[in-house]
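What follows is a short report on a single structure.
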């Protein structure tokens, strides 16, 4: 009997993913009025957002390991903590309550975002997984769009509590829907991940190359498992196939492809965060107003949502991951160079929207490669990717921030960064997995 994909889990995950971004960026478009209402500096309001990437770098690996071992409880905990953080901000009309809520929600974020590959591996059939990852990732960007829209609808100090209330309601609804969708385990169990050891050069699942030896010659397939194995629930899997925490981390980091993807993730993440953070300040000397800059950034994310929901599916079907990454990196470099030499409202709309359309889909493409490559360690591997990306965002945004009063130099810096990643994107095709790790059906 053919087991069908459970798309309800993807819907619940998409809502929870959007909620994390909504809570994160609630104040991105109302920094000044929020500072006035809560009688703090604009820098203090900025920390309500900055705490998210800072804690992500620290918590990415522990949360990934938790997802690998206790997937459903860990993911549900992330959704519930997001809702709790959003709700705590309503407890008092002070900055302290806002910061407390943001810290709780920032702890939850890696539990939710690291799960995008794990939920597709457990709830979708192999042919649906690229679509599931694209959908889940696009929903994360959609949460950014909702945050920008809410700040535009409620732009004054007196309407901020309404914005926070709507965010809390959305987050609670998302956590509830996800919890209901995950009330039973998924119909698939990720295959055990090969660990980096001498015997790991053997083929996995009778045909997929070992991650630690991608170019090793094929060896005879492993003996067939007993007939009862395919229907053995994950909770009763024999001890030898149960991964250890140290083993999952070693398997993920020991894979040369995962390491390459971690390095590559630094560049698109970094440029996107820097553009999102400083576009308004960098374009202001060219006569671009704050309102126009906000609209440009909104179109940037909308284009990214559309691109993330469609481009990775096409790329996966045609095995064009390396070519797409090369195209997106080169286009981003050209777009930033255009802003350096001819900054204006027109070039701002063109360049930054194009960056969103082609650069943001790089994330689901990378995550889909991770899902294809890893088995039970997909949460840890995804955590490594997200950690690298957030670290890149901090580094590039800091560098561009030092040049914020020199727009030409700042845009040229952002143009150079993607070029550094082009050689890695070009050679990536030699290391791409050729077969998805086998997943074992589990009973409903």
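Calculate the FRET efficiency for residue 153 and residue 4 from the Cβ-Cβ distance with a Förster distance of 45 Å, rounded to the nearest 0.05. After rounding to 0.05, the efficiency reads 0.70.
Between the range 294-349 and the range 1-80, what's the alpha-carbon centroid distance in Å? Here the answer is 24 Å between Cα centres. With the Cα gyration tensor of the range 9-190 giving a ≥ b ≥ c as the square roots of its eigenvalues, does the rule (a/c under 1.5 for rounded; else a/b larger than b/c for prolate; else oblate) give rounded, prolate or oblate? Prolate shape, in that a/c is at least 1.5 and a/b is the bigger ratio.
Ranked by the mean number of other Cβ atoms within 10 Å per residue, highest first, peptides 8-17, 299-308 order as 8-17, 299-308. Cβ-Cβ distance of residue 70 and residue 180, R₀ of 22 Å, FRET efficiency by 1/(1 + (r/R0)^6): the value works out to about 0.75. The calculated FRET efficiency for the pair residue 399 and residue 96, based on their C-beta separation and a Förster distance of 35 Å, comes to about 0.65.
When each of the peptides 142-151, 264-273 is scored by the mean number of other C-beta atoms lying within 10 Å of its residues, the order from highest to lowest reads 264-273, 142-151. Label-to-label distance, residue 162 versus residue 103, with points set 7 angstrom from Cα along the beta-carbon direction: 3.1 nm. Does the range 251-436 classify as rounded, prolate or oblate by the C-alpha gyration tensor (a ≥ b ≥ c root eigenvalues; a/c under 1.5 gives rounded; else a/b over b/c gives prolate, otherwise oblate)? Here the range 251-436 falls in the prolate category.
Using per-residue counts of other Cβ atoms within 10 Å, averaged over each peptide, order 255-262, 287-294 from highest down. Could the numbers behind the result be given before it?
Values: 255-262: 21.2, 287-294: 15.1.
Put in order of decreasing packing, that is 255-262, 287-294.
Which of the three applies to the range 262-319, rounded, prolate or oblate, going by the alpha-carbon gyration tensor with a ≥ b ≥ c and a/c under 1.5 meaning rounded? Here the range 262-319 falls in the oblate category.
Relative contact order for the range 57-156: 26 percent, from Cα pairs under 8 Å spaced at least 6 residues apart, divided by residue count.
Laboratory data are not the source of any read-out in this text; all were calculated from the coordinates shown. Fair warning: this is a prediction, and the values are worked out from it, not measured in the lab. Quick reminder, even Gly has a Cβ in these numbers, built from the backbone with ideal geometry, and neighbours come from all protein chains shown.
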